Amino acid sequence: MAIKLITLNVEGNRHLEKVIPFLQKEKADVICLQEVLQQDVELFTQKLRMSSKFIPTMDSRNHLKEHFRGIWGLLFLTKEKVEVNRYYYFGEGKIPVYKQPNSGDRVLLYADVKGITIGTTHFTWTPNGEASDEQREQALKLLDFIGNKEMILCGDFNAPRGKEIFSMFEQKFKDNVPLDIDTTLDQELHFKKGLMYVVDSIFSTAMYNVSDVKVIDGISDHKAIIGFVEKNSKEKKD
């Protein structure tokens, strides 16, 4: 049976009145969230009635934007409790203090959910969508760690489809966002209008099939991505 997966950058606590009802309605098996404030983890866990693993990546209590103030990071939610592993491809888990968008740790969270390895990350940012040496170095480190592992990798990659860094991930993974989708940045809710970039995805290696992928707007500054994940036919027969 396929696993229903949602990935979404929630932009701190700015959109919780939209995010929580959306996730309650969708009833996904696995939810991977980026830019979550630690103070809201219990709210997600209780409202969604799911098991959760939160990994803090930055202390942004001094952030200029109020909706980002707090300890923020990644949240991995599942219907059933699983062991969630982590790998830091930048930083050491010491929760650095915010100075600029890339001050925080960069971490991969991953878990085996019903025999399927699902991972999520919030990748390194650049201001204009162009590749930086920082992105190149960290992409190589992350991809080297993943190596030959079969995995679903989802999240906010801060790198537009069709450009260098996104293409590095495509060398190992299949991008499952439909080609007719021209942006995963919500044109109404994102602070900067007119950015037409696909920067969020559900990637898959050859072992897995991702079907019925939908990109949903009106929830956060990034659009939500929904997909159904299962082992491909050959793997299921084996």
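Residues of segment 200-220 that are outside any strand (DSSP E or B) and either over 16 Å from the mean Cα position of the chain (by Cα) or surrounded by fewer than 19 Cβ atoms within 10 Å (Cβ to Cβ) (or both): Thr205, Ala206, Met207, Asp217, Gly218. Restricting Leu37, Leu16 to those that are out of contact with any Leu (no Cβ under 8 Å at 6 or more places or on another chain) and surrounded by 15 or more Cβ atoms within 10 Å (Cβ to Cβ) reduces the list to Leu37. Filtered by the rule that a residue be part of a loop (DSSP other than H, G, I, E, B) and buried (at least 18 other Cβ atoms within 10 Å of the Cβ), segment 70-95 gives Gly70, Lys79, Ile95.
Just one of the listed residues (Gln38, Gln24, Gln46, Gln34) is at pLDDT 95 or above and touching a His at 6+ places or on another chain (Cβ under 6 Å), namely Gln34.
Quick check: anything in segment 2-10 over 16 Å from Gly155 (Cα atoms) and surrounded by 15 or more Cβ atoms within 10 Å (Cβ to Cβ)? Yes, that holds for at least one residue. Taking segment 40-66 on its own, how many of its residues are surrounded by fewer than 14 Cβ atoms within 10 Å (Cβ to Cβ), free of Cβ contacts under 8 Å to residues at least 40 places away in the same chain and of a type outside the set (A, V, I, L, M)? Going through segment 40-66 one residue at a time, the tally reaches 6. Taking segment 1-23 as the range and being under 24 Å from His63 (Cβ atoms) and either in contact (Cβ under 8 Å) with a residue 40 or more places away in the chain or among the polar types (S, T, N, Q) (or both) as the test, the residues that pass are Thr7, Leu8, Asn9, Val10, Glu11, Gly12, Asn13, Arg14, His15, Lys18, Val19.
The values are calculated or read from the model by the stated rules, or taken from the named source; none is laboratory data. Note that this is a predicted model, so its numbers are computed, not measured. Please note: Cβ atoms are built from the backbone with ideal geometry, for glycine as well, and neighbour counts cover all protein chains shown.
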